[in-house]
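Colleague: Okay, here's the structure, questions in a sec.
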Amino acid sequence: MKEKVTYLKKSWKYLKTAKNLFFFVCLLGFIYAGLSAILPILSAKIVTAITDNLIAQIFSLSFLLLGVYLLDFFVSAAIDNLYYRYVGKVNLEIQKDMARSILNLEVKNFDENNSGVFIKRLDTDPYEITNIFNSLRNALTRILTNLAIFVLIYTINIYVGLFFTFSLIVIYVIQKKRVDVFNKNWHTFREVDDKTSGIFQEILKGTRDIKALGLKEPFIEYTSESLNKSYRKNLKLSIQNNFFWTLSQSVENLSTFFFLLLGTYLMMNHMLKATDFIILYMYKDQLYSLIEYLSHFVGDLNEFSLAAKRIFDITDYHAFSKEQFGKKHIKKVQGNIEFKDVTFGYNEYHNVLQNLNLTIHANDTIAIVGKSGEGKTTLFSLLSRLYDTKQGDILIDGTSLYELDEETIRQNISIITQNPYIFNMTIKENLKLVNPNITDEEMIEKCKLAALHDYIETLPDKYDTLIGEGGVNLSGGQKQRLAIARALVKDSEIILFDEATSALDNETQTAIQTSIQNISKDYTILIIAHRLSTIEFCNRIIVLHDGKVNGIGTHEELLKKNKIYQELYKK
Ligand code: ADP
């Protein structure tokens, strides 16, 4: 319970953003509850007026009833309207906070967890938070009105009051059992459900590869295994839950029967009037529904607690680690890079880089070569601070990378991966995203340097052409050139370029080489080179082997004295 109260207090900061809306929902909720308490009295009076043939009274009561119904309609419509506004506003705040925190997480969290873990939390959990405050409000209103009804029942007839109290206790015990069993299984169900959602993500992201690799059947098998697990957990949850619901419903029905017997007995002995009998009969359902509602509420509270934990685990960086940066800000670095005794591994058992030392001067164009898996991409990831070294340091212009603030690193270092992510926007929007202040002329200049301008000119809407879904699909080489243009628009001093391993057509290959040559004098460029043609115009080539720099030199130098390079060259 302590944990739930803590989460409620923490969630308050989100509710606060829509507190006026929520206040009016509460106020109208009380009015609505008051109206539903009046209805049974009015209905009972109408029934007795009908049986006593009091025509004038029937008329006036009918109009009174109409008034209550109309009021009821307007109040509930207003509650719905305000409530949905409140939900929208609060959810927006939670999801915004979560999105920000997810982007602040260390990259290793995404290696260790499948994306379903984050998607489900972003998608469904915020609703549990907005829901709990509404449930709390509802519970409070219902408890207050039902307390009033209880007092009324006891004043009408103490025996019926005692009978209702007893029935309510029995129903409460059954509902409590239902909630306990539900909670026991809910947590594991959500975990299984997260995994299934992750698999669906994978299918959507990897459709092309799944098809091309002929993996349709194994993937369907894999998916159905996970779906089966999720189905079995869900089935168990639903069957147990429904059993206790039906049981509690049957107890309610049985107690109605005993109430009728008790009421008739009391009436026969002149201890209860017919009108009061009807009022009590009508209040009965409201009382029973309170217990049902409260048990729903306990369920809501548990779901809320689990959802809040899953949300705050992200926003408070409890379960996932946050990126840490230094404080030093450098607007424009020169581009000198030094790896000092760097050791790094993705896990404790194996180091990819071991005491690596490397110096790169500003405006150098360096090629990095090595067999697959030697740590070339890892070197880029460390330089972009996507991962932290285990030992040693990386210096930019003599300052440790770990002392630099996030903006310095992101602004001054650009990484162009083999398959860069181009946003589903127009070309211009993609470029202006990284530098909103750039003029169209400057942007075109950068695209010319990236050897992309001529191609853009052939597109139907030129720079305003939409890329990706619903627009033009770019080839691998074009995406890389757009990523180069993006790095130039951002004006990063250090550009890390992971050359595509896949064979590019000659024209694209030449275009990429032209673009790199165009910029090579003004930027520090590191290229993971898979083709010897790229290496030709680099100042130096670095051979990576066994986690260390195995050799540095020009193509000719290395070919003469470096065994690993000779092997690579032969291949
Ligand atoms: P290269 O670019 O030279 O082919 P990488 O830097 O991609 O090599 O990988 C070096 C080693 O680190 C490989 O053994 C690879 O399996 C491993 N590795 C790469 N990325 C990760 C990761 N995110 N998590 C765990 N291991 C990784």
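The values are calculated or read from the model by the stated rules, or taken from the named source; none is laboratory data. Keep in mind that this is a model prediction, so the values were computed, not measured. When we count neighbours, we look across all protein chains shown, and the Cβ atoms used for this are built from the backbone with ideal geometry, even at glycine. Accessible surface is based on the protein model in full, side chains and every heavy atom, while ligands, DNA and RNA are left aside. Shrake-Rupley method; radii C 1.70, N 1.55, O 1.52, S 1.80 Å.
Colleague: Projected onto the charge dipole of the chain (+1 at Lys/Arg Cβ, -1 at Asp/Glu Cβ, origin at the Cα centre), which of L144, L544, V5 gives the Cα projection farthest towards the positive end?
Modeller: Of the options given, the answer is L144.
Colleague: How large a share of the accessible area of the chain, in percent, is made up of carbon and sulfur atoms when the probe is 1.4 Å and the other protein chains stay in place?
Modeller: Here it works out to 58 percent.
Colleague: If you rank L466, L204 by how much accessible surface each has, with a 1.4 Å probe, what is the order from largest down?
Modeller: From most accessible down to least: L204, L466.
Colleague: Still on this model: So how tilted is helix 476-490 from the main axis of the chain? Cα-based, degrees 0 to 90, rounded to 10.
Modeller: 90 degrees
Colleague: Further, regarding this structure: Could you sort 191-200, 103-112 so that the peptide with the highest average Cβ count within 10 Å comes first and the rest follow in order?
Modeller: Ranked by mean Cβ neighbours within 10 Å, highest first: 191-200, 103-112.
Colleague: Stokes-Einstein D for the chain at 20 °C, 1.002 mPa s, Kirkwood Rh over Cα pairs, in µm²/s?
Modeller: 72 µm²/s
Colleague: I'd like the orientation of helix 440-449 relative to the chain: the angle between its Cα long axis and the longest Cα principal axis, in ° from 0 to 90, rounded to 10.
Modeller: Approximately 50 degrees, to the nearest ten.
Colleague: Of I102, I132, I239, which has the most accessible area and how do the rest follow, probe 1.4 Å?
Modeller: Output order, biggest surface exposure first: I239, I102, I132.
Colleague: Leaving ligands, DNA and RNA out of it, work out the accessible area of W245 with a 1.4 Å probe and give it in Å² to the nearest 10.
Modeller: W245 has an accessible surface of roughly 50 Å² with all protein chains in place.
Colleague: If you place +1 on the Cβ of every Lys and Arg, -1 on the Cβ of every Asp and Glu, and leave all else neutral, what size is the dipole of the chain about its Cα centre, to the nearest 20 Debye?
Modeller: Charge dipole of the chain: 1340 debye, to the nearest 20.
Colleague: Of I512, F297, F110, which is farthest along the charge dipole of the chain in the positive direction, counting Lys and Arg as +1 and Asp and Glu as -1 at C-beta?
Modeller: Among I512, F297, F110, the one farthest towards the positive end of the dipole of the chain is F297.
Colleague: Considering the dipole of the chain built from charges on the beta carbon (Lys and Arg +1, Asp and Glu -1) around the Cα centre, which of Y84, A367, I158 is farthest to its positive end?
Modeller: I158
Colleague: Past 20 Å, Cα to Cα: identify those pairs from K448/K521; K390/K490; K4/K195; K332/K490; K89/K322; K96/K309, in the order given.
Modeller: K390/K490; K4/K195; K89/K322
Colleague: Separate question: If you take every residue apart from E252 with its C-beta less than 13 Å away from the C-beta of E252, what net charge results, scoring Lys and Arg +1 and Asp and Glu -1?
Modeller: Surrounding charge for E252 is -1.
Colleague: On to the next question. If you count, for each residue, the other Cβ atoms within 10 Å and average over each peptide, how do 274-287, 380-393, 6-19 line up from highest to lowest?
Modeller: Ranked by mean Cβ neighbours within 10 Å, highest first: 274-287, 380-393, 6-19.
Colleague: Taking every DSSP beta bridge that has both residues in the chain, what percent is antiparallel when rounded to the nearest 5?
Modeller: 50 percent
Colleague: Another question, if that's okay. With Cβ to Cβ distances under 13 Å as the rule, what net charge do the other residues near D341 carry (K, R +1; D, E -1)?
Modeller: Taking every other residue near D341 into account, the sum is +1.
Colleague: Given the DSSP H assignment, sum -39500 (n - 2.57) over each helix run of at least 4 residues in the chain and divide by its residue total; what's the result at 222 nm in deg cm²/dmol, nearest 500? Don't jump to the answer; show the numbers that get you there.
Modeller: Values: 20 runs with 377 residues, N = 571.
Computed ellipticity for the chain at 222 nm equals -22500 deg cm²/dmol.
Colleague: Computed over the Cα atoms of region 2-315, what is the ratio Rg over Rh, Rh following Kirkwood?
Modeller: Rounded to two decimals, Rg over Rh is 1.09.
Colleague: For helix 19-51, what angle does its Cα long axis make with the longest principal axis of the chain, in degrees from 0 to 90 and rounded to 10?
Modeller: For 19-51 against the chain, the angle is about 30 degrees.
Colleague: Let me ask something additional. Cβ neighbours within 10 Å, averaged per peptide: list 561-568, 67-74, 173-180 in order, most packed at the top. Before the final figure, lay out the partial values.
Modeller: Working: 561-568: 16.1, 67-74: 12.6, 173-180: 17.6.
With the highest mean Cβ count within 10 Å placed first, the list reads 173-180, 561-568, 67-74.
Colleague: Whole number in Å², please: accessible area per residue of the chain, 1.4 Å probe, ligands, DNA and RNA not counted.
Modeller: 53 Å²
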